[in-house]
1. Being at negative phi and acidic (Asp, Glu) is the filter here; which residues of region 74-110 pass it?
2. Tell me yes or no: at least one residue of region 40-60 is loosely packed, with under 12 Cβ neighbours inside 10 Å and aliphatic (A, V, I, L, M).
3. Right, Thr121: surrounded by 10 or more Cβ atoms within 10 Å (Cβ to Cβ), modelled with pLDDT under 90, more than 18 Å from Glu26 (Cα to Cα) and under 48 Å from the mean Cα position of the chain (by Cα) or not?
Amino acid sequence: MTDNPDICSICDRRHISKSSTVWCYECEQSLCGECQDVHTYSRSSESHDTIPISSYLSLKSYFSVVSPYCTEHNEKFQLFCQTHDELVCPTCLKRHSECKDMVTLKEMIKDIKTSDSFRETMRGTEDTEKNFEQVHCMLQENLESLREQKEIVLQKISDIRIEINKRLDDIQQKLTNEFTNTIGRESSEIIAKTKMIEEKKVRVKEARKLVDELIKKASDIQTYFTMRRIATDITNTEAYLQSIFNW
């Protein structure tokens with residue numbers, strides 16, 4: 001036997017494949033047009049309500065968890081205990097022997113679609129749908145708020161980075177300028193000292209030549225005074241060179 005509700009359950013038992021048109025909740029089977037006629041005029045099922053198979057299929061997920069059979073005794077529910085607010089099968093009835101508010105299931109479901117409980121359930125579903133919409137809107141607003149906060153924080157981070165880079169650039173420029181100025185001053189001093197050394201070097205060479213000339217041509221008195229002056233210059237030059245070594 002097939003479990004496909006699109007196929008008539010009764011015809012399927014006869015190994016005939018016919019499309020179903022309605023579903024009987026109490027029989028828990030699908031029916032084709034011909035079988036529906038038999039079902040409608042049969043005494044055992046004439047009071048059964050049927051729904052279009054398309055409606056059943058759209059609600060199948062609900063029907064699959066709502067059974068007319070007692071899960072404990074596998075018997076059909078026949079009564080409803082208003083005291084305990086539960087469906088009762090013939091075997092369950094033994095536990096409800098003291099209950100006074102027992103009604104038949106048929107009586108219980110009479111005019112169910114126009115009952116206060118049905119309307120209350122409808123209002124409940126409508127209110128829940130509205131709540132879903134409100135929650136959805138709230139979540140979307142929260143999501144949008146998070147996106148905006150993200151943009152703000154990322155912009156702040158970018159601004160901070162720009163500010164840090166600017167400060168680092170300023171520090172770099174300041175240190176570069178200070179270093180360049182220091183190098184410039186020391187370079188100038190070295191150039192000046194180099195020039196001075198060259199000048200003193202020339203004077204030492206001239207003094208050396210003068211000594212040779214003194215030996216050849218000068219008198220002793222001229223040699224004495226000239227040598228004193230050259231010695232003084234040499235002493236001063238050595239002192240200057242020593243200051244360069246200690247610089």
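1. Glu75, Glu86, Glu98, Asp101, Glu107
2. no
3. Numbers: surrounded by 10 or more Cβ atoms within 10 Å (Cβ to Cβ): yes; modelled with pLDDT under 90: yes; more than 18 Å from Glu26 (Cα to Cα): yes; under 48 Å from the mean Cα position of the chain (by Cα): yes.
It is true that Thr121 is surrounded by 10 or more Cβ atoms within 10 Å (Cβ to Cβ), modelled with pLDDT under 90, more than 18 Å from Glu26 (Cα to Cα) and under 48 Å from the mean Cα position of the chain (by Cα).
The values are calculated or read from the model by the stated rules, or taken from the named source; none is laboratory data. Model, not experiment: these values are computed from the prediction. Using ideal geometry, Cβ is built from the backbone for each residue, glycine included, and neighbour counts are taken over all protein chains shown.
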